[in-house]
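Participant: Take a look at the following structure, please.
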Amino acid sequence: MSLNYLATRYRCSWPWEIGVMLCDGRMVCGCADPYAKRVLGDARTSSVAGIWTGPVASQLRVDLNAGGSSFCGDCPLKLPMGPDDAIPQRDLNVAAIPKRLYVECTAACNISCNQAICAPETGITRTRQAGMLDFDLFTKVIDEAGPSLERIDFFNYGEAFLHKRAVEMCEYIKTKFPHIYLYTSTNGLAFSDEKVRQLARSGIDEVTFSLDGASQEAYVKYRQRGNLDKALANLRALLDERNKNGRQTPFVNWRYILFKWNDSDEEMDKARAMAAEIGVDRLCWEITDHPEDSFSRRFAPGTPDYERIKYEIWDNSGLGNAIPGATPRAEIDVHTVLPNLPFLIRRSTPVSLTAHVRNVSGRPFRAQSDLGDGRRVIRLGAQLTNEKGEVINRDHARAWLPVDLGPGRSADIRIDIAAPEQPGRYGLKFDLVSEGIDWFESCGSPTITRGLWVR
């Protein structure tokens, strides 16, 4: 399994952080293994811990600490390194269970996406030894791994909700292990009205609908045999059931892959208006480079149009939103006697500051979560920087909002700052953060930095 050192060196964190179970029970390395080439073990004959700490996974980590492994083959998840880059040295004594797990219910799909690897015509289902995940195997894996898991991604290849017990699986996870953040992605076409409403009540934390167009004509060019009206009806039903129960979860995304046939201003603006009318939490564009003859050249990275929507792109920020006014944006001011005068404090001495925060976006900043887990709660953060402005502690200080801040509303927020142990010149960079998601700066909201001199 050793690396040929004439080959390109690369790094990867998947074998330390995220497990992937296919619908037949085999565990593979990474979510980009459609034909199951990189199998770590089989949950039908071994425990999750036995696979995760077993000989294949363990040797893979050793090899990656040396620069790479032949096991990885053509995996697209590995990150190339330059000849002078230092190889990351990760701890080989891993926990028995990963913190995050992908669960694939089935590799089968009910539509045929244009040139997609999981379209029925590709034969990917023939690489699985079972068409649908066995429910008893599922409960066995969840019962073992659940106490240690922080997140489950309930999808991989195929359409998860073709499995007749998929919603029941979601209920099982959230009933036994409510601390697990449960996320799924769907084309929205396998549900009945009853089933999608049951999903809304299951406790699932986040659901993404993949709908690549605002008209049937544009949508069906990629989602072949798909029915946009049916998918939108299920999206509406999910949100209706959530809202009827007075909940903030599941958080609901509309993800829209941009192709050359659906990237016009007219089609995209129609999607924006529909998402706002339906009440979707987030609409984001997905940028891709395939199919080769179909991806959007207009919004290719580096183009002026890409720059125009960069804060609305799925992979660029956890908060960017294509719905008008929905991208969070704040104005922050931290008063000093003189604007350019730094705060002077003694080493190890805390100081309390007051920041004035105004919501200049179109949606409220939530001060509390309905689940009490703190996720998506908005807080004021102070990041510690060095004299050059480089962040050295992103989580230096936090402060709660006193109340929800609606659009146009403002509040004064007290934040307690601990002084660094070492004397010197620092900076405090103030920004808002959606806990567990992202900092507002990632989607274009301005920050403010004040000097901090420690004596």
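Participant: Take the range 168-221 and flag every residue that is assigned to a loop (DSSP other than H, G, I, E, B), over 14 Å from Leu149 (Cβ atoms) and open to solvent by 20 Å² or more (accessible area, probe 1.4 Å).
Facilitator: Here is the first cut: in the range 168-221, the ones assigned to a loop (DSSP other than H, G, I, E, B) are 177-180, 187-192, 202-205, 211-215, 220-221.
Add one more test, that the residue is over 14 Å from Leu149 (Cβ atoms), and what stays is 187-192, 202-204, 211-215, 220-221.
Matches in the range 168-221: Ala190, Ser192, Gly203, Ser215, Val220, Lys221.
Participant: Take the conditions under 22 Å from the mean Cα position of the chain (by Cα) and buried (at least 18 other Cβ atoms within 10 Å of the Cβ) and apply them to Arg282. Does it pass?
Facilitator: Values: under 22 Å from the mean Cα position of the chain (by Cα): yes; buried (at least 18 other Cβ atoms within 10 Å of the Cβ): yes.
Considered against the rule, which asks whether it is under 22 Å from the mean Cα position of the chain (by Cα) and buried (at least 18 other Cβ atoms within 10 Å of the Cβ), Arg282 comes out as yes.
Participant: While we're here: Determine which member of the set Ile417, Ile413 is β-branched (Val, Ile, Thr) and modelled with pLDDT under 95. Write out each step before concluding.
Facilitator: Numbers: Ile413 fails: modelled with pLDDT under 95.
None of the others qualify; the one that does is Ile417.
Participant: While we're here: Ser192: modelled with pLDDT of 95 or more and within 26 Å of Glu267 (Cβ to Cβ), yes or no? Full working, then the answer.
Facilitator: Working: modelled with pLDDT of 95 or more: yes; within 26 Å of Glu267 (Cβ to Cβ): no.
Against the criterion (modelled with pLDDT of 95 or more and within 26 Å of Glu267 (Cβ to Cβ)), Ser192 does not qualify.
Participant: Go through (1) surrounded by 14 or more Cβ atoms within 10 Å (Cβ to Cβ); (2) closer than 26 Å to Val196 by Cβ one by one and return the number of the condition Ile287 breaks.
Facilitator: Unmet for Ile287, out of (1) surrounded by 14 or more Cβ atoms within 10 Å (Cβ to Cβ); (2) closer than 26 Å to Val196 by Cβ: (2).
Participant: While we're looking at this one, here's another question. What tally of residues in the range 120-164 results from selecting those that are of a type outside the set (Asp, Glu), open to solvent by 10 Å² or more (accessible area, probe 1.4 Å) and either in a loop (DSSP other than H, G, I, E, B) or on the phi > 0 side of the Ramachandran plot (or both)? Don't jump to the end; show me each part of the working.
Facilitator: Kept after step one, since they are of a type outside the set (Asp, Glu), are these residues of the range 120-164: 120, 122-133, 135, 137-142, 145-149, 151-152, 154-158, 160-164.
Next, from what is left, pick out any that are open to solvent by 10 Å² or more (accessible area, probe 1.4 Å): 120, 122, 125-132, 135, 137, 139-140, 147-148, 151, 155-158, 161-164.
Filter once more, keeping what is either in a loop (DSSP other than H, G, I, E, B) or on the phi > 0 side of the Ramachandran plot (or both): 128-131, 147-148, 155-158, 163-164.
Total meeting the criteria: 12.
Participant: Please state which one of Arg358, Arg425, Arg414 is closer than 16 Å to Trp453 by Cα, open to solvent by 80 Å² or more (accessible area, probe 1.4 Å) and in a strand (DSSP E or B).
Facilitator: Working: Arg358 fails: closer than 16 Å to Trp453 by Cα; Arg414 fails: closer than 16 Å to Trp453 by Cα.
None of the other options fit; the residue is Arg425.
Participant: I'd like the full set of residues that are open to solvent by less than 60 Å² (accessible area, probe 1.4 Å), part of a loop (DSSP other than H, G, I, E, B) and either in contact (Cβ under 8 Å) with a residue 60 or more places away in the chain or of a type in the set (A, V, I, L, M) (or both), limited to the range 290-314. I'd like the intermediate steps shown before the answer.
Facilitator: Going through the range 290-314, the residues open to solvent by less than 60 Å² (accessible area, probe 1.4 Å) turn out to be 291, 294-296, 299-300, 303, 305-306, 309, 312-314.
Add one more test, that the residue is part of a loop (DSSP other than H, G, I, E, B), and what stays is 291, 294, 296, 299-300, 303.
Pro291, Ser294, Ala300, listed by residue number.
Participant: If we keep just the residues of the range 197-212 that are in contact with a strand residue (DSSP E or B) (Cβ under 6 Å, 6 or more places away or on another chain) and among the charged types (D, E, K, R), which is nearest to Leu232 (Cα to Cα)?
Facilitator: In this case the residue turns out to be Asp212.
Participant: Of the conditions (1) of a type outside the set (Val, Ile, Thr); (2) farther than 30 Å from Gly279 by Cβ; (3) free of Cβ contacts under 8 Å to residues at least 60 places away in the same chain; (4) surrounded by 14 or more Cβ atoms within 10 Å (Cβ to Cβ), Gln368 clears all except one; give me its number.
Facilitator: (2)
Participant: Looking at Glu277, Glu307 in this structure, which one is more than 23 Å from the chain's Cα centre (by Cα) and at pLDDT 95 or above?
Facilitator: Working: Glu307 fails: more than 23 Å from the chain's Cα centre (by Cα).
Glu277 is the lone residue from the list that is more than 23 Å from the chain's Cα centre (by Cα) and at pLDDT 95 or above.
Participant: Only residues that are among the polar types (S, T, N, Q) and open to solvent by 10 Å² or more (accessible area, probe 1.4 Å): list them for the range 96-111, please. Outline the logic, then answer.
Facilitator: Initial filter on the range 96-111 (among the polar types (S, T, N, Q)): 106, 110.
The one that is among the polar types (S, T, N, Q) and open to solvent by 10 Å² or more (accessible area, probe 1.4 Å): Asn110.
Participant: OK, next. Kindly provide the set of residues from the range 237-269 that are in a helix (DSSP H, G or I) and either surrounded by 16 or more Cβ atoms within 10 Å (Cβ to Cβ) or touching a Leu at 6+ places or on another chain (Cβ under 8 Å) (or both), ordered by number. Please lay out each step first, then the result.
Facilitator: First, the residues of the range 237-269 that are in a helix (DSSP H, G or I): 237-244, 265-269.
Listed by number, the residues that qualify are Ala237, Leu238, Leu239, Asp240, Glu241, Arg242, Glu267, Met268.
Participant: Being open to solvent by 10 Å² or more (accessible area, probe 1.4 Å), out of contact with any Leu (no Cβ under 7 Å at 6 or more places or on another chain) and either closer than 29 Å to Asp205 by Cα or part of a loop (DSSP other than H, G, I, E, B) (or both) is the filter here; which residues of the range 428-440 pass it? Quick ask: steps written out before the conclusion?
Facilitator: Step one: list which residues in the range 428-440 are open to solvent by 10 Å² or more (accessible area, probe 1.4 Å), which gives 429, 435-439.
Imposing the further condition that a residue be out of contact with any Leu (no Cβ under 7 Å at 6 or more places or on another chain) reduces the set to 429, 435-436, 439.
Matches in the range 428-440: Glu435, Gly436, Trp439.
Participant: Still on this structure, I have one more. Exactly one of these conditions fails for Cys443: (1) open to solvent by 40 Å² or more (accessible area, probe 1.4 Å); (2) touching a helix residue (DSSP H, G or I) at 6+ places or on another chain (Cβ under 8 Å). Give me its number.
Facilitator: (1)
Participant: Considering only residues of the range 371-405 that are of a type in the set (Asp, Glu) and loosely packed, with under 14 Cβ neighbours inside 10 Å, which is modelled with the lowest pLDDT?
Facilitator: Filtering first and then ranking leaves Glu387.
Listed here are the residues, each with its yes/no results for (1) outside any helix (DSSP H, G or I); (2) touching a Pro at 6+ places or on another chain (Cβ under 6 Å); (3) surrounded by 19 or more Cβ atoms within 10 Å (Cβ to Cβ); (4) not β-branched (Val, Ile, Thr).
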position	(1), (2), (3), (4)
Pro15	no, no, yes, yes
Arg44	yes, no, no, yes
Ala49	no, no, no, yes
Gln59	no, no, no, yes
Leu64	no, no, yes, yes
Asp74	yes, no, no, yes
Asp91	yes, no, no, yes
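Participant: Take the range 446-455 and flag every residue that is open to solvent by 30 Å² or more (accessible area, probe 1.4 Å), in a strand (DSSP E or B) and under 28 Å from Asp281 (Cα atoms).
Facilitator: Residues satisfying the conditions do not exist here.
Participant: Look at Ser348 and say whether it is at positive phi, open to solvent by 50 Å² or more (accessible area, probe 1.4 Å) and either touching a residue at least 40 places away in the same chain (Cβ under 8 Å) or of a type in the set (Gly, Ala, Ser) (or both). Quick ask: steps written out before the conclusion?
Facilitator: Numbers: at positive phi: yes; open to solvent by 50 Å² or more (accessible area, probe 1.4 Å): yes; either touching a residue at least 40 places away in the same chain (Cβ under 8 Å) or of a type in the set (Gly, Ala, Ser) (or both): yes.
Judged against the criteria, Ser348 is a match.
The values are calculated or read from the model by the stated rules, or taken from the named source; none is laboratory data. All of these numbers come straight from a predicted model, not from anything done at the bench. Methodologically, a virtual Cβ is constructed for each residue, glycine included, from the backbone with ideal geometry; neighbour enumeration extends over all protein chains shown. Protein only, heavy atoms only, side chains kept; ligands, DNA and RNA dropped before computing areas. Shrake-Rupley method; radii C 1.70, N 1.55, O 1.52, S 1.80 Å.
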